[in-house]
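Novice: Below you'll find the structure I mean.
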Amino acid sequence: MGKQNVGITVSKEEDFSEWYTQVVLKAKLADYAPVKGLIVLRPDGYSIWESLRTTFDKKFARNGIRNGFLPILIPESLLGKEQKHFAGFNPEVFWVTHSGTNEIGDRLALRPTSETLAYTLYSKWIQSWRDLPLKMNFWNTALRAEIKATKPFLRTSEFLWQEGHTVHSTKEEAEKEVIKILDIYKNTVEEELAIPVSTGKKSEKEKFVGAIYTTTMESIMPDGKALQMGTSHFLGQNFSKPFEVKFADKDNVEHFAWQTSWGVSWRLIGAMIMIHGDDKGLVLPPKVAPMQVVIVPIYKNDEGKNSVLSKVEEIQNKLESKDIRVHVDDREGMSPGYKFNDWELKGVPLRIEIGPKDIENQNIVVAKRYNLEKISLGFTEIEKIPIILDEIQTQMLKKAKEQTETITLNISDYSEFKSKIEKGGFFNSPWCGKVECEDKIKEETGAEIRVIPFGSENINQKCIYCNEQSVSTPIFARGY
RNA sequence: GGGAUCGUGGUCUAGCUUGGUAUGAUACUAGCCUGGGGGGCUAGUGGUCGCAGGUUCAAAUCCUGCUGAUCCCA
């Protein structure tokens, strides 16, 4: 077997973009579809998404949110009801104009997002304060035409996501919901994917079109570019008015409702690949890994094979009884070395090697993927495996946090800002709050306000661009 | 939005300038030997050169259109 095309052929350090694409394809998470900008998820990729979905569903349910399903086609007349929202999405909407050979009068959009459709229904379902709050979530795909620069998971014309839409009788309750969701997002991403995030608000310029304000979580990738990991919007009454989502309150006066919408997409998978992967390929956090442990049996002859395989089976059963996802690689005709590399490419968190030597010594060899460390465990120490997996999960988050810290800089001088932006990173820099400065910074450096972190309000500094009094210290970065 | 490069068995690739139905590696299948970090030998399978059209006796090669991918800049 040759190694030239099987593994990753470039280093993460030297050619990040190419490295990323190779990891996605070679670890068999996804492949390109025959249509531009679309990808296909393979079992290992989809399994990670399913794992995230399961976690989110549990947390949503605990918060009183239930799942529903919405169709993919939205008539133009509905999509156009909230003008700013429509104008924002229009350039990237796919349109269905024909059914068979007949032209469709009110052409149909492939949903870029479902606010307009959901709220048309909500206005039917809500009449009284007793119908509120209404909290629903939808697992589906959204379609937004990406003409250029597509990249698996990060920028595709169709993407898997969840979109939540809630309706409340008061502004306060809706705003609390916005934050509650952002919290769920943050702790899920940090606990499951081991990716640190910064949360806060988007600037006026960067907020969701149609929202009063947008809260967001952002992460910095190893190449110094920021990635939006999820957003939770306070819609106010911007949609409830045009869509007539209203209710009779206890005093029998009719009010427009207060709404939120929020979503995360499979971009999270892209972030996980970028943050944790290395030159050998994917590195999966144990919690979302489709296989947490792979066992590679090693033997020379039938006699050795039998004793090794019976031990392997015993260990497999022991681990499965502790709800560990185990796979035994009993493929014949492949050398152990080939298998080691293969599973490292696919990012399995722990590999167990068992051969004649180990049977003799009453131990197993355990290799950790995230740091490539190998340790020996006695046969009686198998129950330590779940603990080791937990440690790996913790260590991966720690490592990612350290990485984030090293590329997060406090910069209050604009010339320093400009000279360092080429290398990328999160820049904490004071800002006066004016969109003119934001625009100029974007124009001159390519960096934008990714997030204005909660608690970053401050009036004691000078705007990095115009030197006037600051209102906050946002995180600036170039983005994906 | 602007620019550049590219598309040949599953994968990577030679051939293209100077037209004559395709090179090598790897993968895959079978057998034997091997087996603790991408093994060896032997014998096989697999493509009609991204798609459509044009020029020609003849097109992977020349021309046109389309499509897809990658990278750089805004």
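The values are calculated or read from the model by the stated rules, or taken from the named source; none is laboratory data. Since we're looking at a predicted model, the values are computed, not measured. As a convention, Cβ positions derive from the backbone with ideal geometry for all residues, glycine included, and neighbour counts pool all protein chains shown. Accessible surface is based on the protein model in full, side chains and every heavy atom, while ligands, DNA and RNA are left aside. Shrake-Rupley method; radii C 1.70, N 1.55, O 1.52, S 1.80 Å.
Novice: Before anything else, pin down the relative contact order of region A:218-299: Cα pairs under 8 Å, at least 6 apart, normalised by residue count, whole percent.
Specialist: Across region A:218-299, relative contact order equals 25 percent.
Novice: Further question on the same structure: Measure nothing but the geometry: give the 0 to 90° angle between the long axis through the Cα atoms of A:267-276 and the longest principal axis through the Cα atoms of chain A, rounded to 10°.
Specialist: 40 degrees
Novice: Hey, for a label at A:K434 modelled as a point 7 Å past Cα toward Cβ, could you say which residues of region A:447-480 have their backbone N under 13 Å away?
Specialist: A:463-471, by backbone N distance to the label point.
Novice: In Å, what Kirkwood hydrodynamic radius results for region A:354-455 from the alpha-carbon pair distances?
Specialist: When all Cα pairs of region A:354-455 are included, the Kirkwood radius is 17.9 Å.
Novice: Hey, another quick one. Among all the aspartates and glutamates, which ones have a C-alpha under 16 Å from A:K135's C-alpha, if same-chain residues fewer than 8 places away are not counted?
Specialist: Filter leaves A:D57, A:E115, A:E163, A:E172, A:E173, A:E175, A:E177.
Novice: On to the next question. Which whole-number value in Å² is the accessible area per residue of region A:16-276, probe 1.4 Å?
Specialist: On a per-residue basis, region A:16-276 sits at 41 Å².
Novice: Also: Based on Cβ point charges of +1 for Lys and Arg and -1 for Asp and Glu, what charge dipole magnitude is obtained for region A:113-247 about its Cα centre, in debye rounded to the nearest 20?
Specialist: 380 debye
Novice: Using Cα pairs closer than 8 Å and at least 6 residues apart in sequence, work out the relative contact order for chain A, in percent.
Specialist: Contact order relative to length: 14 percent.
Novice: When all alpha-carbon pairs of region A:192-307 are counted, what percent fall beyond 16 Å?
Specialist: Summing the P(r) of region A:192-307 above 16 Å gives 73 percent of all pairs.
Novice: Can I ask one more? Using a cut-off of 14 Å between beta-carbons, work out the net charge of the residues near A:F94 (Lys and Arg +1, Asp and Glu -1, A:F94 not included).
Specialist: Counting the neighbours of A:F94, the net charge comes to 0.
Novice: Compute the acute angle (0 to 90°) between the alpha-carbon long axis of helix A:171-192 and the principal axis of greatest extent of the alpha-carbon atoms of chain A; round to the nearest 10°.
Specialist: Value to nearest ten degrees: 20.
Novice: How big is the equivalent ellipsoid of region A:293-388 along its three axes, where each semi-axis is √(5λ) from the Cα gyration tensor, reported in whole Å from largest to smallest?
Specialist: In descending order the semi-axes read 18, 17, 12 Å.
Novice: Between beta-carbons, use under 12 Å as the cut-off and find the net charge around A:A149, counting Lys and Arg +1, Asp and Glu -1.
Specialist: +3
Novice: Length gain on complete extension for the stretch A:S307 to A:K322, per 0.36 nm per residue less the alpha carbon to alpha carbon distance?
Specialist: 3.1 nm
Novice: Hey, if you put +1 on the Cβ of every Lys and Arg and -1 on every Asp and Glu Cβ in chain A, which of A:N187, A:G105, A:L52 ends up farthest toward the positive end of that dipole?
Specialist: In chain A, that residue is A:G105.
Novice: What does the convex hull of the alpha-carbon atoms of region A:78-148 project to on average, in nm²?
Specialist: Averaged projected area of region A:78-148's Cα convex hull equals 6.8 nm².
Novice: Now a separate question. Determine the relative contact order of region A:408-477: mean sequence separation of Cα pairs under 8 Å and six or more apart, normalised by residue count, in whole percent.
Specialist: Contact order relative to length: 40 percent.
Novice: Can you find, among A:M274, A:N238, A:P349, the residue sitting farthest towards the positive end of the charge dipole of region A:232-375, where Lys and Arg contribute +1 and Asp and Glu -1 at Cβ?
Specialist: Final value for the positive-end residue is A:N238.
Novice: Kindly report the accessible area of region A:293-388 per residue (heavy atoms of protein chains, probe 1.4 Å, no ligands, DNA or RNA), in Å².
Specialist: 50 Å²
Novice: Given +1 on the Cβ of Lys and Arg, -1 on the Cβ of Asp and Glu, and no further charges, what dipole in debye does region A:408-477 carry about its Cα centre, rounded to the nearest 20?
Specialist: The dipole of region A:408-477 has a size of about 160 debye.
Novice: Run through the DSSP bridge list for chain A and note the antiparallel percent, rounded to the nearest 5.
Specialist: Within chain A, antiparallel bridges account for around 80 percent of the total.
Novice: Between the alpha-carbon centers of region A:417-480 and region A:17-31, tell me the distance in whole angstrom.
Specialist: 33 Å
Novice: Quick one: go through region A:235-265 and flag any residue whose amide nitrogen is under 14 Å from the point 7 Å out along the Cα-to-Cβ line of A:D57.
Specialist: none
Novice: What's the magnitude of the charge dipole for chain A around its Cα centre, counting Lys and Arg as +1 and Asp and Glu as -1 at the beta-carbon? Answer in Debye, nearest 20.
Specialist: Dipole of chain A, to the nearest 20 debye: 300 debye.
Novice: Semi-axes of chain A's equivalent ellipsoid from the Cα gyration tensor, sqrt of 5 times each eigenvalue, largest first, rounded to whole Å?
Specialist: One finds semi-axes of 44, 28, 22 Å for chain A.
Novice: Using Cα atoms only, what is the angle between the long axis of helix A:385-406 and the major principal axis of chain A, expressed in degrees (0 to 90) to the nearest 10?
Specialist: Approximately 50 degrees, to the nearest 10.
Novice: Further, regarding this structure: Considering only protein heavy atoms and a 1.4 Å probe, what is the carbon-and-sulfur percentage of the accessible area of chain A?
Specialist: For chain A, the apolar C and S fraction of the accessible surface comes to 49 percent.
Novice: Need the full-extension length gain, A:I387 to A:V6, defined as separation in residues times 0.36 nm minus the C-alpha distance. One decimal, nm.
Specialist: 133.9 nm
Novice: Heads up, I need the accessible area for A:S335: 1.4 angstrom probe, whole protein in place, Å², nearest 10.
Specialist: Roll a 1.4 Å probe over it and A:S335 shows about 60 Å².
Novice: In whole Å, what is the distance between the alpha-carbon centres of region A:266-339 and region A:58-115?
Specialist: Measuring centre to centre over Cα atoms gives 42 Å.
Novice: Tally Lys and Arg at +1 and Asp and Glu at -1 over the other residues with C-beta under 12 Å from the C-beta of A:A174: what net charge comes out?
Specialist: So the environment of A:A174 carries a net charge of 0.
Novice: Separate question: Counting only the backbone N, which residues of region A:407-437 are under 13 Å from the spot 7 Å out from the Cα of A:E468 toward its beta-carbon?
Specialist: A:431-437
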